[in-house]
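These notes concern the structure reproduced below.
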Amino acid sequence: MSLGISWVLGTASILVLMLLFLLPWRGARIRLCNHYGRLMSPVVLWVVRARVQIFGKEHLVDAPPAIYVSNHTSMTDIFIGMWVCPVGGVGIAKKEVAKIPFFGWAYRLSGHLLIDRQNRDRAIAGMTETGQVVRELGMSIWMWPEGTRSRDGRLCPLKKGFVHLAIATGLPVVPVVVSGAHKNWPLREMTSFYLTDIPINVLSPIDTSAWSVETMDQHLDEVHAAMAAQLPADQKPVAQVESV
């Protein structure tokens, strides 16, 4: 484990230096971090004993820009996202991420976006900035629309931010469903890792060209239902379990 952590910290230090050099070019910084995530994340996933298998890779390889939305139950999900997100994907994270040593500093320099979930006006401004970056640079978006990690692994209600972004950008929405990560690196157990098989299902893109603000709740339900259908029984939404 110590060897893996040392490797991650060492490469992160090099990454920070490269990001400082690329400060004038936001697109280059974002893509550099995408490549770094693809190199670093498999090492972290090996260290935390996560055995990941991806289904639906055809929706990631040479894919056009899209909004990738994933469920969030564990720190493991962060590194899965960094690994799975196509190169040219803009990440959206809560502002607290910037406080994490090394990783947070690199994220702040990366060109990816931080939003203040506690302040509605600032959160909306962050989403607006995301839409502008995506349009200008021709990039994808990666986000966890539940807004926070699920405490018990079950899928939570989705926030409306990704729907606003889909309407603003016209990009399709691609649900990414991660199963079992909450068992691998449980909430509040920062140094406890459990050998876990984690299937990842990348679903077919959902066309958003007809989406509108007036039908927002319908779109939220559509994406939520598509994600819930791919989850095991112990991760399905409580309301859905009770209705079975």
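The values are calculated or read from the model by the stated rules, or taken from the named source; none is laboratory data. None of these values were measured; they are calculated from a predicted model. When we count neighbours, we look across all protein chains shown, and the Cβ atoms used for this are built from the backbone with ideal geometry, even at glycine.
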Filter region 183-209 for residues that are aliphatic (A, V, I, L, M) and modelled with pLDDT of 95 or more; the one that is farthest from the chain's Cα centre (by Cα) is 195
The condition from (1) closer than 21 Å to residue 236 by Cα; (2) surrounded by fewer than 21 Cβ atoms within 10 Å (Cβ to Cβ) that residue 175 misses is numbered (2)
So, first residue under 14 Å from residue 141 (Cβ atoms) in region 157-168, second residue surrounded by fewer than 24 Cβ atoms within 10 Å (Cβ to Cβ) and polar (S, T, N, Q), Cβ within less than 6 Å, six or more apart or across chains; the pairs are 166/208
For region 98-111 the number of residues that are under 25 Å from residue 61 (Cα atoms) and not in a loop (DSSP other than H, G, I, E, B) is 2
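Can you pull out the residues in region 1-35 that are under 22 Å from residue 193 (Cβ atoms) and either modelled with pLDDT of 90 or more or in contact with a helix residue (DSSP H, G or I) (Cβ under 8 Å, 6 or more places away or on another chain) (or both)?
Hits for region 1-35 are 1, 4, 5, 7, 8, 11, 12.
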task: Could you tell me whether region 58-76 includes any residue that is of a type in the set (Phe, Trp, Tyr) and without any contact (Cβ under 8 Å) to a residue 60 or more places away in the chain?
output: no
Listed by first then second residue, the pairs whose first member lies in region 199-215 and is on the phi > 0 side of the Ramachandran plot, whose partner is assigned to a strand (DSSP E or B) and surrounded by 11 or more Cβ atoms within 10 Å (Cβ to Cβ), with beta carbons under 6 Å and at least 6 positions apart or on separate chains, are none
Restricting region 80-97 to residues that are in contact with a helix residue (DSSP H, G or I) (Cβ under 7 Å, 6 or more places away or on another chain) and without any contact (Cβ under 8 Å) to a residue 40 or more places away in the chain, the one farthest from residue 179 (Cα to Cα) turns out to be 97
Can you confirm whether residue 148 is out of contact with any helix residue (DSSP H, G or I) (no Cβ under 9 Å at 6 or more places or on another chain), in contact (Cβ under 8 Å) with a residue 60 or more places away in the chain and under 24 Å from residue 45 (Cα atoms)? yes
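Checking the condition surrounded by fewer than 20 Cβ atoms within 10 Å (Cβ to Cβ) and touching a Gly at 6+ places or on another chain (Cβ under 7 Å), which residue from 137, 165 passes?
Working: 165 fails: surrounded by fewer than 20 Cβ atoms within 10 Å (Cβ to Cβ).
The match here is 137.
In region 112-127, how many are outside any helix (DSSP H, G or I) and either under 15 Å from the mean Cα position of the chain (by Cα) or free of Cβ contacts under 8 Å to residues at least 12 places away in the same chain (or both)?
Restricting attention to region 112-127, the residues satisfying the condition of being outside any helix (DSSP H, G or I) are 112-119.
From what is left, the residues that are either under 15 Å from the mean Cα position of the chain (by Cα) or free of Cβ contacts under 8 Å to residues at least 12 places away in the same chain (or both) are 112-115, 118-119.
Residues meeting the conditions: 6.
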Per the filter on region 97-140, residues under 22 Å from residue 159 (Cβ atoms), at pLDDT 80 or above and of a type outside the set (A, V, I, L, M, F, W, C) are 107, 112, 131, 132, 135, 140
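Which members of region 52-66 meet the condition of being touching a Ser or Thr at 6+ places or on another chain (Cβ under 7 Å) and either modelled with pLDDT of 95 or more or within 18 Å of residue 113 (Cα to Cα) (or both)? So that I can check it myself, show each step before the final result.
We begin by selecting, within region 52-66, every residue touching a Ser or Thr at 6+ places or on another chain (Cβ under 7 Å); these are 59, 65-66.
Matches in region 52-66: 65, 66.
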